[in-house]
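Single-structure report; data block below.
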Amino acid sequence: MDSPPDPKAYAEIVWNIVRQIPPGTVTTYGQIASMIPAPAGVAPEDYTRLAPVWVGKAMNAVSAADTPDIPWQRVINSQGGISLPEGSKVAAEQRARLEREGVMFGKNGRVDLNRYGWDGPNANWLAEHGLLTPKPLKKNDATPQQPRLF
């Protein structure tokens, strides 16, 4: 399945989520996908695998058109990188927009998701729109301590 059953409706949900991302933060295709319930007729395991690609297609349509009310630049890949072709004009534009918002890239060309990752919309907004709690982007760096025996 190359696209969701109703690509236009799916894209509208994606774009509505993206409009919620505040300046200076980023999210990933997978995090957005995790908020959207699997469409009718799509098995959950298939949806988990396909949904980030579907989100990417929705975002590609927006970045190509440079739709001003959808902050497409705030959506990056799960490694913290820009997924657009390296060296392309649109990839440079995405990076420049993020940097103007205060998002910094490391020497590896990636954004630190622990620092700039978005936690997602608030629970009330999610419920009002029939969406799910997003998967977290931020990793817990606390190393569990081995319990003392004595």
Those residues of the stretch 1-33 which are more than 13 Å from Gly56 (Cα to Cα), among the small types (Gly, Ala, Ser) and in contact with a helix residue (DSSP H, G or I) (Cβ under 9 Å, 6 or more places away or on another chain) amount to Gly24
Within the stretch 106-129, the residues that are of a type in the set (S, T, N, Q) and without any contact (Cβ under 8 Å) to a residue 24 or more places away in the chain are Asn108, Asn122, Asn124
Worksheet entry | Hey, Leu132 under 16 Å from Ser34 (Cα atoms), assigned to a helix (DSSP H, G or I), in contact (Cβ under 8 Å) with a residue 12 or more places away in the chain and not small (Gly, Ala, Ser) or not | no
A careful count of residues in the stretch 97-126 that are exposed (fewer than 12 other Cβ atoms within 10 Å of the Cβ) and in a helix (DSSP H, G or I) gives 3
So, Thr27, is that one surrounded by 18 or more Cβ atoms within 10 Å (Cβ to Cβ) and under 15 Å from Lys135 (Cα atoms) or not?
yes
Among the residues of the stretch 82-96, the number that are hydrophobic (A, V, I, L, M, F, W, C) and not in a loop (DSSP other than H, G, I, E, B) is 4
Note on the stretch 65-81: residues modelled with pLDDT of 95 or more and either among the small types (Gly, Ala, Ser) or touching a Gly at 6+ places or on another chain (Cβ under 8 Å) (or both) are Ser78, Gly80, Gly81
Quiz item: Residues in the stretch 47-60: is at least one hydroxyl-bearing (Ser, Thr, Tyr) and surrounded by fewer than 16 Cβ atoms within 10 Å (Cβ to Cβ)?
Solution: yes
Kindly evaluate Ala38 against the criterion of being surrounded by fewer than 20 Cβ atoms within 10 Å (Cβ to Cβ), farther than 24 Å from Lys139 by Cβ and out of contact with any strand residue (DSSP E or B) (no Cβ under 6 Å at 6 or more places or on another chain). yes
By residue number, the members of the stretch 82-105 that are hydrophobic (A, V, I, L, M, F, W, C) and free of Cβ contacts under 8 Å to residues at least 40 places away in the same chain are Ile82, Leu84, Val90, Ala91, Ala92, Ala96, Met104, Phe105
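The values are calculated or read from the model by the stated rules, or taken from the named source; none is laboratory data. Note that the structure is a prediction, hence the values are computed from the model and not measured. Here the Cβ is made from the backbone with ideal geometry for all residues, glycine too, and neighbour counts use every protein chain on show.
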